[in-house]
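Since the structure comes first, as structure tokens, the remarks are kept for the end.
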Amino acid sequence: MHEPAITPELVAKHNLTPDEYQRILDILGRTPTYTELGIFSVMWSEHCSYKNTRPVLKTFPTKGEKILVGAGEENAGIIDVGDGVAIAFKIESHNHPSAVEPFQGAATGVGGIIRDIFTMGARPVAALNSLRFGELSNPEVRRLFTGVVGGIAHYGNCFGIPTVAGEVCFDKSYEGNPLVNAFALGVLRHDQITRGAAHGVGNPVFYVGPATGRDGLAGAAFASQDLTEESAEQQRGAVQVGDPFMEKLVCEACLELLATGCVAGMQDMGAAGLTCSTCETAARAGTGIEIELDKVPQRAPNMSSYEIMLSESQERMLIVVHKGREAEVKAVFDKWDLPWSEIGVVTDTGRMVVRHGGRVVVDVPAKKLADEAPIYQREAREASYMAGVRAFRLDGIADTADVASDLRKLLADHTIASKNWVYGQYDHMVRDGSVVCPGSDAAVIRIKTDSLPITKAEYAAAKAGTADPFLAPVPVPDKYVAFTVDCNGGYVYLDPYEGGKAAVAEACRNLACSGAVPVGSTDNLNFGNPHNPEIFWQLKESVRGLAEGCRAFNAPVTGGNVSLYNQRGALGAIDPTPTVAVVGVIEKPEHITTQWFKDAGDAILLLGEPVDTADPLQGLGGSAALKALHGVKNGLPPRVDLEAAKVLHATLLGLIREGVVKSAHDCSDGGLAVALAESCFGRQKARETHAFLGATVDLTAPDAAVPACRLDALLFGETQNRVVLSVAEIDAGRVLKQARLMGVPARRIGTVGGDALVLKTAAGESSAKVAELHDAWWNSIAKAMA
């Protein structure tokens, strides 16, 4: 096939700068081939190299005594959870593909993150997602929303992984560029950790999975540029097409193959496809790799070396096998009816060499390509709009006059409303490990012995006919793992530093409300174009806040993803959205706590201050109430006191372990009134059956001791570090005393019971039937999508 001449125009088309191209010339000592140019383009893209963000990412806390595989080492981080058991987890974005082809873009995002997990030797057991869209009044947004949710449901349900948690937010800033961040978690034993390194000179290299096609061509490069109407149409072919049933076969085959002991290294073909998997495995091991493209299965005729190397066709793996054990590998792949091919060999040259049609089409130093992309120190300048944000006051913003009406409006706001329209499409019970399903502050799963991959000893015994490994695995005590994902993009836009802290604090507060202690985190940094100094300032400041939060809660970052260039033409950049998923461990099953009130007559307590009186906006800056009730997105968001948050979480966990807490729910979007209403709604018993419990809340009572403030600030303000508890009446006094002894503000604010939520304040009494509030909350998104 004729290859084009390498011209400045072609170099620019590959998103390489003149300086970067000169660096390539210096590395190679010659003009690159067309395929080499494409390879450098994808491997030096932001998506693969983090060339604009690596200096900032180094500020994250990444060390911890429980970390077995840390950030940047491999495809996912791994953390010890005791008794020789570990969890592997990671979050990644598929934003640009989902903006172009929402169903396949989201579906393959799920497939990619699942592969990252079983590539580590772990069995994937749970998934969650974090989604952002424009407003549902826009038909195009509804189309994207339908496609993305459908794609996630299709891939996860067909693969057989429960999608047990997530968040969905709606804001005009995401109108032209939705965000699709997918998280997966897997389980394994310590001695089953697998590395993506090409160890062992002379070891054969196998390709396994479906044939390579032209779908997903240069998807990593596509994800590293601004979206425009023209680029979206041109790059439609850069969106991969997924097959979850094939992925399930690949997963099972790979886990079985690992149990044979014949694998020296394994890597999935994700971003940059065959290019990334070959050069990264060689670079990690300090070896070289040589492959023959004529041996790569291809589903399209006359594919060029450029197309084969840059294709991002899904469900493919690269496996380095111990020499002499090829027959075992082939037998496993044949058993699972999977295409495979022996395509290359590990060398001692340190180079990535690719042959096609009898000639060398690529010959580059693997480490230079994988690890030595140019790194940039981008200019950061405070956003010009911040002066207006700091100056904003509530003058001219009317206080709430009808509490019940405003509460219904907030509960119906699509960001606050129930996401049952979303998670109702997901299978969240498959694998029988889900303990707390979607709807509470955090998901909880149980890790059982049969959740773990088969061990080498069990496999050997099964091959010898002496035991059935699937019926008699090595037993381990059940583990209970909680996880959640959070970020308020509006907060981060209005104050990136405080917004970053708030994202981590809320995630850890959700875990504490569930009875869990954080053990690690993974983040997905979604921002606009880093060449804009104001956007890069947003990124730097939010990372500073995230890093402080992760240190404070001892939740080291084990990995993650950076997604830049999230902006589209005149619509501009998205709100900065540094999504963070935090994983925690619950010691005993009896400590698992949910957000719903349990019994009439229980006391309702508030831990934390009702209002931050030191805040001029009393918790209303950047709040859902300002936006939903007044159409205003402005004002400094509530500040986060991390030390106070740590004490609150520790106190709450202590009370949960004592067995006195019946329910716990954090106050976040919509403030205290929304948290109380959500606590009344009860856990879904069946698809259309709910258990309602009303509450009478008296914020005028002496015990409540509420400071003088605006009514909307008291009920809808979003002052941080607050949790609503319910406890048995007999325990209320003791709980209040213990909290206060720990230095946590604590108040008795009400009693569970009845069929209405009654709110008594200095301004009067408001009452609304719980069923009516629930209807506004439960059906809001379904009505918008009808």
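The values are calculated or read from the model by the stated rules, or taken from the named source; none is laboratory data. All values reported here derive from a predicted model rather than from experimental measurement. Cβ coordinates were reconstructed from backbone atoms using ideal geometry, including for glycine residues, and neighbour counts include every protein chain displayed. The accessibility values were calculated without ligands, DNA or RNA, using every heavy atom of the protein model including side chains. Shrake-Rupley method; radii C 1.70, N 1.55, O 1.52, S 1.80 Å.
A few points about this structure:
- In the set Val148, Val125, Val180, only one residue is in contact with a helix residue (DSSP H, G or I) (Cβ under 7 Å, 6 or more places away or on another chain), among the β-branched types (Val, Ile, Thr) and open to solvent by 10 Å² or more (accessible area, probe 1.4 Å); that residue is Val125.
- Filtering the stretch 235-254 to residues that are open to solvent by 10 Å² or more (accessible area, probe 1.4 Å) and in a helix (DSSP H, G or I) leaves Gln235, Arg236, Gly237, Phe245, Met246, Lys248, Leu249, Glu252.
- Residue match in the stretch 26-37 (condition: of a type in the set (Ser, Thr, Tyr), open to solvent by less than 10 Å² (accessible area, probe 1.4 Å), in a helix (DSSP H, G or I) and farther than 22 Å from Gly196 by Cα): yes
- Ser98 on the phi < 0 side of the Ramachandran plot, buried (at least 24 other Cβ atoms within 10 Å of the Cβ) and touching a Ser or Thr at 6+ places or on another chain (Cβ under 8 Å): no
- All positions within the stretch 178-217 that are part of a loop (DSSP other than H, G, I, E, B) and either of a type in the set (A, V, I, L, M, F, W, C) or under 18 Å from His414 (Cβ atoms) (or both): Pro178, Ile193, Ala197, Ala198, Val201, Ala211, Leu217
- Note on the stretch 130-143: residues that are open to solvent by 10 Å² or more (accessible area, probe 1.4 Å) and touching a strand residue (DSSP E or B) at 6+ places or on another chain (Cβ under 7 Å) total 1.
- Residue match in the stretch 306-319 (condition: among the hydrophobic types (A, V, I, L, M, F, W, C), within 28 Å of Tyr459 (Cβ to Cβ) and in contact with an Asp or Glu (Cβ under 9 Å, 6 or more places away or on another chain)): yes
- Meets criteria (at pLDDT 90 or above, within 22 Å of Thr594 (Cβ to Cβ), out of contact with any strand residue (DSSP E or B) (no Cβ under 9 Å at 6 or more places or on another chain) and not basic (Lys, Arg)) for Ile447: no
- Within the stretch 256-304, the residues that satisfy the criterion of being part of a strand (DSSP E or B) and either over 22 Å from Gly358 (Cα atoms) or open to solvent by 20 Å² or more (accessible area, probe 1.4 Å) (or both) are Val263, Ala264, Gly265, Met266, Gln267, Asp268, Glu290, Glu292, Gln298.
- Residue under evaluation Leu394, criteria (1) open to solvent by less than 40 Å² (accessible area, probe 1.4 Å); (2) of a type in the set (A, V, I, L, M, F, W, C); (3) out of contact with any strand residue (DSSP E or B) (no Cβ under 8 Å at 6 or more places or on another chain); (4) within 30 Å of Ile586 (Cα to Cα), criterion not met: (4)
- Of all residues in the stretch 38-63, those that are touching a Lys or Arg at 6+ places or on another chain (Cβ under 6 Å) and open to solvent by 10 Å² or more (accessible area, probe 1.4 Å) total 2.
Condition check ((1) closer than 14 Å to Leu672 by Cβ; (2) out of contact with any helix residue (DSSP H, G or I) (no Cβ under 8 Å at 6 or more places or on another chain); (3) open to solvent by less than 20 Å² (accessible area, probe 1.4 Å)) across all residues:
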{"residue": "Val706", "(1), (2), (3)": "yes, no, no"}
{"residue": "Phe716", "(1), (2), (3)": "yes, no, yes"}
{"residue": "Val724", "(1), (2), (3)": "yes, no, yes"}
{"residue": "Gly743", "(1), (2), (3)": "no, no, no"}
{"residue": "Ile749", "(1), (2), (3)": "yes, yes, yes"}
{"residue": "Leu757", "(1), (2), (3)": "yes, no, yes"}
{"residue": "Lys760", "(1), (2), (3)": "yes, yes, no"}
{"residue": "Ala771", "(1), (2), (3)": "no, yes, no"}
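- In the stretch 437-539, counting only strands (runs of 3 or more DSSP E) that sit wholly within it, none holds 3 or more residues that are within 30 Å of Asn52 (Cβ to Cβ), under 20 Å from the mean Cα position of the chain (by Cα) and free of Cβ contacts under 8 Å to residues at least 60 places away in the same chain.
- The residues of the stretch 365-412 that are among the basic types (Lys, Arg) and more than 30 Å from Gln22 (Cα to Cα), listed by number, are Arg390, Arg393, Arg408, Lys409.
- Test result for Arg316, out of contact with any Lys or Arg (no Cβ under 8 Å at 6 or more places or on another chain), open to solvent by 10 Å² or more (accessible area, probe 1.4 Å), of a type outside the set (Asp, Glu) and closer than 27 Å to Lys248 by Cα: no
- Candidate set: the stretch 416-431, residues that are more than 18 Å from Asp171 (Cβ to Cβ) and charged (D, E, K, R); chosen: the one least open to solvent (accessible area, probe 1.4 Å): Asp427
- One residue from Gly84, Gly70, Gly109, Gly77 being under 25 Å from Leu188 (Cβ atoms), surrounded by fewer than 18 Cβ atoms within 10 Å (Cβ to Cβ) and not aliphatic (A, V, I, L, M): Gly84
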